Amino acid sequence: MMKTISIIVPCYNEHETINIYYDEVTKYLDSNYKWNIIFVDDGSKDNTLSIIKELNKKDERIKYVSFSRNFGKEAAMYAGLENAKKLNSDMAIIMDVDLQDPPRLIPELLKSYDEGYHIIYTRQKNRHGSSLKSAFFSLTFYRVYSFFTKDKVVAKGARDYCLLDKKAIDAFLSVKDYKRFTKGIYNYVGFKNKCIEFDYEKRVAGETKWNFKKLFRYALIGINEFSSLYTYIPKFFGFLTFLLLIYDVIRQTINAVNASSFSAFNFSPIRFDLALIAIFFTLYYLFKLCYELRGQTRNRPIYIEEETNIDEAD
Ligand code: UDP
Ligand code: MG
């Protein structure tokens, strides 16, 4: 029987790229499969949704889900997977709309699927053409991430561009993290996986939707979701205090020997300030953790749908 593949494409204010993407991706849709292209409109403020609807008029493989507001790319990918499941897909391919995830890799992704891999993810071999600043920060992020999480997949510089088979789609959906980090989920769920490499591609049109602050926050979420990052804070201050204690003992011993009389311990004001900083810093992260726990236990939805042309019967 013919296999169904859903391509999931998160879009946020992408009116400049959707048509270019459509023309490119449709070159690779092998007619031996049944295809859906699920555009997830992540609360765009431009005419992204109307462009998608226009495409749907000439090509019924075009599906869409539109959010009530911007929920972020992670939420869009999650919604895409849920809808891929609704459409009884045998596999899902997640990719960006700006052609930074080249559609020419689709045949290779399918080949690896036929070889029995459950998850086929991708990474950029090099960063020729990207800015030095972004190359530096992403490299630093991958180093720090792998230090804290011991994750080898993300450490290699994995992108969100991937193919997931049916089992992997279910596994990804079963991870209901409130603050999601898809790249970390590859490693978490396991399965036989494979990495495909490609050269860096520039965004075809429009602007990146990320700024440094947003990326930094996202990086922290990623590290925090798959490690026990906050525990390093008291650990660090504890270790520092321990070193100070050793220093004090040595200093006092030397003093005692030299002065031949025991002088009273002098607690420096700087030491006192340091202790306060440690306490407040640790408290801040304790509160943060409480809020994160609250976020997860409230069980709020990952996204809210406003409009779609996908229904259960499809
Ligand atoms: N995107 C999204 N929601 C957001 C931000 C981005 O759905 O809040 C989509 C965006 O439309 C694109 C993909 O995520 O298809 C990657 O975004 P972008 O190209 O801006 O990121 P970069 O490639 O610079 O990391
Ligand atoms: Mg991009």
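Numbers below:
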{"item": "Residue satisfying condition, being within 16 Å of ligand 2 (Cβ to nearest atom) and either part of a helix (DSSP H, G or I) or farther than 26 Å from Asn224 by Cα (or both), within set Leu99, Leu109", "result": "Leu99"}
{"item": "Hits in the range 223-239 (condition: without any contact (Cβ under 8 Å) to a residue 12 or more places away in the chain and of a type in the set (A, V, I, L, M, F, W, C))", "result": "Phe236, Phe239"}
{"item": "Among (1) among the aliphatic types (A, V, I, L, M); (2) within 16 Å of ligand 2 (Cβ to nearest atom); (3) open to solvent by 10 Å² or more (accessible area, probe 1.4 Å) - the single one Ile51 does not satisfy", "result": "(2)"}
{"item": "Exclusive hit being within 13 Å of ligand 1 (Cβ to nearest atom) and basic (Lys, Arg), set Lys63, Lys86, Lys45, Lys57", "result": "Lys45"}
{"item": "Selection count, the range 123-147, where residues are open to solvent by less than 50 Å² (accessible area, probe 1.4 Å) and either part of a helix (DSSP H, G or I) or under 16 Å from Leu229 (Cα atoms) (or both)", "result": "6"}
{"item": "Hits in the range 113-125 - residues which are in contact (Cβ under 8 Å) with a residue 60 or more places away in the chain and closer than 29 Å to Asn19 by Cβ", "result": "Ile120, Tyr121, Thr122, Arg123, Gln124, Lys125"}
{"item": "Options Ile106, Ile169, Ile93; residue that is over 14 Å from the mean Cα position of the chain (by Cα), modelled with pLDDT of 90 or more and within 16 Å of ligand 1 (Cβ to nearest atom)", "result": "Ile93"}
{"item": "Members of the range 188-203 that are loosely packed, with under 15 Cβ neighbours inside 10 Å and modelled with pLDDT of 85 or more", "result": "Gly190, Phe191, Lys192, Glu197, Asp199"}
{"item": "The range 204-225 - residue that is open to solvent by less than 50 Å² (accessible area, probe 1.4 Å) and part of a loop (DSSP other than H, G, I, E, B) and, of those, farthest from ligand 1 (Cβ to nearest atom)", "result": "Ala205"}
{"item": "Any chance Ile37 is within 20 Å of Met1 (Cβ to Cβ), at pLDDT 95 or above, of a type in the set (Val, Ile, Thr) and within 16 Å of ligand 1 (Cβ to nearest atom)", "result": "no"}
{"item": "In the range 1-25, the residues that are more than 12 Å from ligand 1 (Cβ to nearest atom) and either without any contact (Cβ under 8 Å) to a residue 12 or more places away in the chain or aromatic (Phe, Trp, Tyr) (or both)", "result": "Met1, Tyr22, Asp23"}
{"item": "Any chance Gly190 is away from ligand 1 (no atom under 16 Å from the Cβ) and free of Cβ contacts under 8 Å to residues at least 40 places away in the same chain", "result": "yes"}
{"item": "Selected residue [in contact with a strand residue (DSSP E or B) (Cβ under 6 Å, 6 or more places away or on another chain) and within 16 Å of ligand 2 (Cβ to nearest atom)] from Ala168, Ala158", "result": "Ala158"}
{"item": "Those residues of the range 174-187 which are in a helix (DSSP H, G or I) and either within 11 Å of ligand 1 (Cβ to nearest atom) or surrounded by 15 or more Cβ atoms within 10 Å (Cβ to Cβ) (or both), in sequence order", "result": "Thr182, Lys183, Gly184, Ile185, Tyr186, Asn187"}
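The values are calculated or read from the model by the stated rules, or taken from the named source; none is laboratory data. Since the model is a prediction, treat every value here as computed from it, not as a measurement. Counting neighbours? That spans all protein chains shown, and the Cβs are built from the backbone with ideal geometry, glycine included. For accessibility, only protein heavy atoms count, side chains too; no ligands or nucleic acids. Shrake-Rupley method; radii C 1.70, N 1.55, O 1.52, S 1.80 Å.
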